[in-house]
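Asks: This is the structure I want to talk about, given as structure tokens.
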There are 2 protein chains.
Amino acid sequence: MNPAINRKIILASRPVGEPADSDFRLVEDVIPQPGPDQVLLRTLYLSLDPYMRGRLSAAKSYAEPVALGGVIVGGTISRVVESPVAGLVPGDLVLGYAGWQDYAVAAAAGLQVIDPTLAPVTTALGVLGMPGMTAYCGLLNIGKPQRGETVVVAAASGAVGSVVGQIARLKGCRVVGIAGGARKCAFVVDELGFDACIDHQRPDFAVALASACPRGIDVYFENVGGAVFDAVLPLLNMFARVPVCGLIASYNATAEDATGPDRTRAVMRAILTHRLTFRGFIVSDYAAQRQEFLETVGAWVRDGSIRYREDIVEGLEQAPAAFRGLLRGANFGKLLVRVSAA
Amino acid sequence: MNPAINRKIILASRPVGEPADSDFRLVEDVIPQPGPDQVLLRTLYLSLDPYMRGRLSAAKSYAEPVALGGVIVGGTISRVVESPVAGLVPGDLVLGYAGWQDYAVAAAAGLQVIDPTLAPVTTALGVLGMPGMTAYCGLLNIGKPQRGETVVVAAASGAVGSVVGQIARLKGCRVVGIAGGARKCAFVVDELGFDACIDHQRPDFAVALASACPRGIDVYFENVGGAVFDAVLPLLNMFARVPVCGLIASYNATAEDATGPDRTRAVMRAILTHRLTFRGFIVSDYAAQRQEFLETVGAWVRDGSIRYREDIVEGLEQAPAAFRGLLRGANFGKLLVRVSAA
């Protein structure tokens, strides 16, 4: 690669349904020059996360969509290349939001310096980053797991679900994961220590989930939606809590995919008669808990109470395919793209 | 009426869809004799409330269903006829759960004496009873209305909705009611003091509701479901709260009435992206707040801050028809059946 070139992956067209390779385009540009209070960054790792699908659509959800022709957004770990800013020097590793490109300029105020002696740097995009904090804040603030309760988490081998389940175990709950395929399920039980994990690809999935939850479900951490939610709903106990964190099963869905019958009434009736709480959130709602999260989960990672798994793809040009795989569950653990080794 | 006869209305068959007159049967029986610790009661008023539809179905919701052949349940105001129990004497007025019959025996422990000098006795079944407390507890504990926010309440002229809206006004909110027909809407605005009230029978209902909520909706108190909910959902603001109290639009629905497309995904997506809270409840969840409710709302009723309207039907034999009317919104205010004048 020519070091004077900045490769960028831009949004070529808005995906309808599953993103196609043609919705992305790799273009080359000059390396940008930092202005005052800005630094030049070399991207080391991209974080690929399900929420990014929403950014590719025109509809506003949490944030503005990526513009057509704009660089795909996403969290990054970068190395500082040039810095006119006090407190940031070349070689520093920073957490930022540089997106899918080799180089970026960024305001120094938006960057967080990573100390690579505290934990592997990639954890800043995973277990000790946005996904881990999403798990921590959503589970504890909304799920409110109590000792002896049953907690079910979808996408249990993923970046968020794996942390949800392990925290729930540490809180004394029975924890049942849901994941796609026997290999992920074995990992969730054997490596992460969940009490059980049910493969949602099994034809008898709903029956198996019910068997794994003999006392019903008190907390369901929703990452998925769709058929997984359908199987969970009848198992929810009185006063169950449902933190709604993601709905990956429908991120590629179009309006035409909604077939009948309408189950809204059944959901609302369950909320009413079982006094359920459904609450949506995103991690920034709990920004004030960041230090508490880092101290608590950081200690659990260091002492081995919480484990994590990363799925690292090599090369910026692989980001679109890796992202498409993420949306259908092809990754196994926190999905990262290594853009540069150093 | 022969005073030695106890007329009872029993469940003759379980209604499928809208209850039919033939699902109820008026039978005559002897007047029961109280055992130890029991009193004999003469029913003065029955309370007719939407939740009672659930008791007529075989499916367990909050409570056990009425047995086939059993007396239809419901809250009552009665006069004590015979009492071997200290502290209860003939002539006392009591709040109980005697159901649809002229006489009943009841355990003294399950009765609350009503002081008719504090408020009209019928308020014990309405604004100062279960419906009023439902409104108070659901709105304040789950809705958490803040000054300047917009609160929307369905079934706004009804026993619960009318109290929800008036409390929200007292809390400094903009309050928009939804009711069926121009007459009810005029009452809600002119007599109850809501800022606006939209007739859900209007063909342009959804547009009119949006116009009445120029800053969106922060609290939606759900009594209805169905098309009313559909119009509310797109107007909910970030962090809006939805106490789910009732779903009267679907109480008579059968599984075959669920037509497509399935809107569950749209609801869950709204919960996620707008960080909504949906929470079901029933009044007994807040039993500890009963005294606070009685003092607070009692004072508001006495000083005229909260008004109420009653719709009183004459005669036990009219209860089935009145109840059927309630389920389609034919009543106008808190629905009661006067069984005996004294």
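Asks: Would you confirm whether or not the range A:139-147 contains a residue that is touching a helix residue (DSSP H, G or I) at 6+ places or on another chain (Cβ under 8 Å), part of a strand (DSSP E or B) and not small (Gly, Ala, Ser)?
Replies: No, the range A:139-147 has no match at all.
Asks: Taking into account only those residues within the range B:21-51 that are aliphatic (A, V, I, L, M) and under 21 Å from the mean Cα position of the chain (by Cα), which is surrounded by the fewest Cβ atoms within 10 Å (Cβ to Cβ)?
Replies: The selected residue is B:Leu44.
Asks: Among A:Val121, A:Val153, which is β-branched (Val, Ile, Thr) and in the same structural domain as A:Phe281 (by TED's automatic domain parsing)?
Replies: Testing whether each residue is β-branched (Val, Ile, Thr) and in the same structural domain as A:Phe281 (by TED's automatic domain parsing) leaves just A:Val153.
Asks: I would also like to ask the following. Restricting attention to the range A:58-77, which residues are at pLDDT 90 or above and within 19 Å of the chain's Cα centre (by Cα)?
Replies: Passing the criteria: A:Pro65, A:Val66, A:Ile72, A:Val73, A:Gly74, A:Gly75, A:Thr76, A:Ile77.
Asks: So, one more: Considering only the range A:269-292, how many residues are under 21 Å from the mean Cα position of the chain (by Cα), part of a helix (DSSP H, G or I) and buried (at least 20 other Cβ atoms within 10 Å of the Cβ)?
Replies: Qualifying residue count for the region: 1.
Asks: Just to confirm my filter: which strands (runs of 3 or more DSSP E) fall fully inside the range A:168-226 and include at least 1 residues that are surrounded by fewer than 23 Cβ atoms within 10 Å (Cβ to Cβ)?
Replies: A:174-179, A:196-199
Asks: Considering only residues that are out of contact with any strand residue (DSSP E or B) (no Cβ under 6 Å at 6 or more places or on another chain) and within 8 Å of chain B (Cβ to nearest Cβ), which ones fall in the range A:271-299?
Replies: Selection gives A:Thr273, A:Phe281, A:Ile282, A:Asp285.
Asks: Which of the residues that make up the range B:1-28 are assigned to a strand (DSSP E or B), modelled with pLDDT of 95 or more and touching an Asp or Glu at 6+ places or on another chain (Cβ under 9 Å)?
Replies: Selection gives B:Asn6, B:Arg7, B:Lys8, B:Ile9, B:Leu11, B:Leu26.
Asks: Let me ask another. Residue check, A:Ile248 against (1) within 9 Å of another protein chain (Cβ to nearest Cβ); (2) of a type in the set (Val, Ile, Thr); (3) in contact with a Leu (Cβ under 7 Å, 6 or more places away or on another chain), all met but one. Which one?
Replies: (1)
Asks: Name the residue that is modelled with the highest pLDDT, counting only residues in the range B:241-266 that are assigned to a helix (DSSP H, G or I) and surrounded by fewer than 21 Cβ atoms within 10 Å (Cβ to Cβ).
Replies: Checking each candidate, the answer is B:Ala266.
Asks: Could you tell me which of the residues A:Gly315, A:Gly333, A:Gly329 is at pLDDT 95 or above, at positive phi and of a type in the set (Gly, Ala, Ser)?
Replies: A:Gly315
Asks: Kindly indicate the residue of the range A:229-239 that is closer than 21 Å to B:Thr277 by Cα and more than 10 Å from chain B (Cβ to nearest Cβ) and also surrounded by the most Cβ atoms within 10 Å (Cβ to Cβ) among those meeting that condition.
Replies: A:Val232
Asks: Just one of the numbered conditions (1) closer than 28 Å to B:Pro34 by Cβ; (2) surrounded by fewer than 24 Cβ atoms within 10 Å (Cβ to Cβ) is not true of B:Gln101; which one?
Replies: If we test B:Gln101 against (1) closer than 28 Å to B:Pro34 by Cβ; (2) surrounded by fewer than 24 Cβ atoms within 10 Å (Cβ to Cβ), just (2) comes out false.
Asks: So, in the range B:29-64, how many residues would count as being in contact with a strand residue (DSSP E or B) (Cβ under 9 Å, 6 or more places away or on another chain) and assigned to a loop (DSSP other than H, G, I, E, B)?
Replies: So the count comes out to 9.
Asks: Residue check, A:Ala159 against (1) over 17 Å from the mean Cα position of the chain (by Cα); (2) in a loop (DSSP other than H, G, I, E, B); (3) outside the structural domain of A:Tyr45 (by TED's automatic domain parsing), all met but one. Which one?
Replies: Only one criterion is unmet by A:Ala159, namely (1).
Asks: Mind checking whether some residue in the range A:302-318 is farther than 20 Å from A:Tyr97 by Cβ and crowded, with 21+ Cβ neighbours inside 10 Å?
Replies: yes
Asks: Among the residues of the range A:251-270, which ones are more than 8 Å from chain B (Cβ to nearest Cβ) and among the polar types (S, T, N, Q)?
Replies: Listed by number, the residues that qualify are A:Asn252, A:Thr254.
Asks: Under 7 Å between Cβ atoms, at least 6 apart or on separate chains: pull out the pairs that start in the range A:319-342 with a residue that is free of Cβ contacts under 8 Å to residues at least 24 places away in the same chain and outside any loop (DSSP other than H, G, I, E, B) and end on any residue that is crowded, with 16+ Cβ neighbours inside 10 Å and not acidic (Asp, Glu).
Replies: These pairs meet every condition: A:Gly325/A:Asn331.
The values are calculated or read from the model by the stated rules, or taken from the named source; none is laboratory data. All values derive from a computational prediction rather than experimental measurement. Heads up, the Cβs are rebuilt from the backbone with ideal geometry, glycines too, and the neighbour counts pull from every protein chain shown.
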